[in-house]
Amino acid sequence: MMVKTDPELVRLLRSGRDTEERKHAREFFLSLAACNTIVPIVVDTPDSAQKLIDYQGESPDEQALVYAAAAYGFVLIERTSGHIVIDILGDRQRFEVLGLHEFDSDRKRMSVIVGCPDKTVRLFVKGADSSMFGVIDKSLDLDAIHATETHLHKYSSMGLRTLVIGMRELSSTEFGEWQSAYERANTALLGRGGLLRAVAANIECNLQLLGASGIEDKLQQGVPEAIESLRQAGIKVWVLTGDKQETAISIGYSCKLLSSEMTQIIINSRSKESCRKSLEDAIAMCKKLAAMSPAAQDNGFGSRSTRIRLALIIDGTSLVYILETELEEQLFKVATACDVVLCCRVAPLQKAGIVAIIKNRTDDMTLAIGDGANDVSMIQMADIGIGISGQEGRQAVMASDFAMGQFRFLVPLLLVHGHWNYQRMAYMILYNFYRNAVFVYMLFWYVLCTAFSLTTAITEWSSVLYSVIYTALPTIIVGILDKDLSRKTLLKYPQLYGSGQREERYNLKLFILTMIDTIWQSLAIFFIPYLAYRQSDIDGSSIGDLWTLAVVIIVNIHLAMDVFRWTWLTHASIWGCIVATVICVIIIDAIPMLRGFWAIFHVMGTGLFWLLLLCVIITAMVPRLAMKVITEYFMPSDIQIARELEKFGGVNATNTSEIPMSTFSHS
């Protein structure tokens, strides 16, 4: 890894002068090389005399800091459980690792105790500024502390992730007391984690400030565009991060989550009463701004008045006093009134708590996406958890429902595959209700007309094969392959995702209309042949075959009318099942041992049979066809408009703003 160094700092480190400034600089880079969990791996090169060191670790931030220390001459060469070897400006030195307190979300820092070659024992600590300044000895160098705070604010405003580094030398008494307490905590059977945290907090105090670091956490490719697409689709995007508030706001602007037109509501409180007052003020502000900017209305020229957009920014300290208290309800009201919610300096359990607020108070689906171990609680709390596999490790991936390589892949997952899945599932649920109900209703009319006798209208074999051969395959093929819109269209117009949010494809109204259509079709299927053959000498088995063929043809034509994308598999399944039904009915009636032997052959040779079959199909399907034509011509949905645009308008050549889609203006 190539690291750009500061020549002046390099000269200071390599100078032979024994100054206080040089001593502090050396201690700073020594802490970067020692206070971590990085494992150095020696890598062979084409030149056998030259070796490279590759640093492996759970956190890319730690890797960056160790590489930076190596660039300035403090090279971590070897790490074992008991010692580390660091090449300090060409001089290899061995440090004994006497203790390690790993990072946790409560302390927000980590520390290591090392025995140095000069027989001293030193404690190196690094962590978030919010936790580190509380354990820094401010009496040592107040000017340096103020300067560091200024630099940290500057780094955060630039969107850098900051850490503060400190150290202190331990006396033999202090080290002995720590060692005894650490061994007791480490061997405890109950509450081991809490005891270890207490031991760490005990020793991590009165530190000397060494400096601070700022690490650029570059956005992945396509993140701003992905967030904008999700917002256009009507999906609210909340950011829950452990970074400083300034860093989080800077990242919010860089990924286009925040904009200069937004009104920001910032809550940074240090007590419960202060949180209560801040939330009450925020609710009042939301109501005031809502009154000032009423619902957007069309001004007659195709554009709309824009309401004032709100962004809620709240820190983890405030959430300590809000979550799992009566203030949660007020936070929920403020958060749902805002377009963007940005939570900074939040612990993993607080992330899960934020998700739970929405999950427990609304019927909305929650999706959490993260890439680190601190996102696991949030991912598991949400209805859908997505883990990003990357440099932060695989904990998030292992705890998630779906895994992906980059954040931008969330857009096709939701807007394309999510839309397709909703369209298929919604239609298939309605269709399966329909195809089974129309068959059952037909049998029900027969039972009524025969005064609940023990006779059957259709042979037992046809009753069994109806759901196995006659109508099963088209349902599977269409349910898997059908697509109402192309991938390109769905990505170009994210607003089309709103059809699922509005439940356009499956709702109570559609269900009732489908059941009414089902009753009409079953009446047509049963009574037209029944009334035509009522005074004839045709037996029940013959008319039963006509009912079987009619119901199978109608449910398959019904499905064919709603297919969006025809493929050879769709054609083969729908028309093939109709042909298979005819063949099966003929075979069943040709078996002498079964009831209704030769029945189909008695009626197929007459013109009345084919005339009745045609009349049944037309009578049953005309109302549905008429309703479909009227709806799509006079009341087209966004999906229908987009489909016509695909077919006749040309998606690639059309400007998005020129498409008068009916419900886009209300999304």
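Here are a few things to note about the model shown:
- Among the residues making up region 166-192, those that are open to solvent by less than 40 Å² (accessible area, probe 1.4 Å) and of a type outside the set (A, V, I, L, M) are 166, 168, 175, 176, 178.
- Scanning region 195-218 for residues that are touching a strand residue (DSSP E or B) at 6+ places or on another chain (Cβ under 7 Å) and part of a loop (DSSP other than H, G, I, E, B) yields 204, 206, 217.
- If the condition is being closer than 18 Å to residue 200 by Cα, open to solvent by less than 20 Å² (accessible area, probe 1.4 Å) and without any contact (Cβ under 8 Å) to a residue 40 or more places away in the chain, then region 99-130 contributes 115, 127.
- Condition met for residue 124 (more than 44 Å from the chain's Cα centre (by Cα), under 23 Å from residue 37 (Cα atoms) and aromatic (Phe, Trp, Tyr)): no
Matching residues to (1) open to solvent by 40 Å² or more (accessible area, probe 1.4 Å); (2) outside the structural domain of residue 390 (by the TED database); (3) of a type in the set (Lys, Arg):
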position	(1), (2), (3)
201	yes, yes, no
238	yes, no, no
242	no, no, no
248	no, no, no
261	yes, no, no
272	yes, no, yes
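- Here residue 60 fulfils each of the conditions (1) within 27 Å of residue 178 (Cβ to Cβ); (2) touching a residue at least 24 places away in the same chain (Cβ under 8 Å); (3) surrounded by fewer than 19 Cβ atoms within 10 Å (Cβ to Cβ) apart from (1).
- Members of region 513-541 found to be closer than 17 Å to residue 463 by Cβ and open to solvent by less than 10 Å² (accessible area, probe 1.4 Å), listed by number: 522, 525, 526
- Residue in region 499-512 that is nearest to residue 438 (Cα to Cα), counting only those that are open to solvent by 80 Å² or more (accessible area, probe 1.4 Å) and in a helix (DSSP H, G or I): 512
- Complete set of residues in region 68-98 that are farther than 28 Å from residue 182 by Cα, under 39 Å from the mean Cα position of the chain (by Cα) and either crowded, with 19+ Cβ neighbours inside 10 Å or of a type in the set (Val, Ile, Thr) (or both): 68, 69, 70
- Flag for residue 321 being touching a residue at least 12 places away in the same chain (Cβ under 8 Å), open to solvent by 60 Å² or more (accessible area, probe 1.4 Å), farther than 15 Å from residue 237 by Cα and over 12 Å from the mean Cα position of the chain (by Cα): yes
- Qualifying positions in region 219-253 - part of a loop (DSSP other than H, G, I, E, B) and charged (D, E, K, R): 236, 243, 244
- If you go through region 375-390 and keep only what is in a helix (DSSP H, G or I) and surrounded by fewer than 24 Cβ atoms within 10 Å (Cβ to Cβ), you end up with 376, 377, 380, 381.
Rundown of residues vs (1) over 36 Å from the mean Cα position of the chain (by Cα); (2) over 25 Å from residue 562 (Cβ atoms); (3) in contact (Cβ under 8 Å) with a residue 12 or more places away in the chain, yes/no style:
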site: 422; (1), (2), (3): no, no, yes
site: 446; (1), (2), (3): yes, yes, yes
site: 470; (1), (2), (3): yes, no, yes
site: 479; (1), (2), (3): no, no, yes
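- Filter pass, residue 621 being open to solvent by less than 30 Å² (accessible area, probe 1.4 Å) and more than 20 Å from residue 483 (Cα to Cα): yes
- Yes/no for residue 446 being at pLDDT below 95, on the phi < 0 side of the Ramachandran plot, among the aromatic types (Phe, Trp, Tyr) and touching a helix residue (DSSP H, G or I) at 6+ places or on another chain (Cβ under 9 Å): yes
The values are calculated or read from the model by the stated rules, or taken from the named source; none is laboratory data. These numbers were taken from a predicted model, which means no experiment stands behind them. Glycine also receives a Cβ, built like all others from the backbone with ideal geometry; neighbour counts cover every protein chain displayed. Side chains are part of the model used for accessible areas, which takes the heavy atoms of the whole protein and leaves out ligands, DNA and RNA. Shrake-Rupley method; radii C 1.70, N 1.55, O 1.52, S 1.80 Å.
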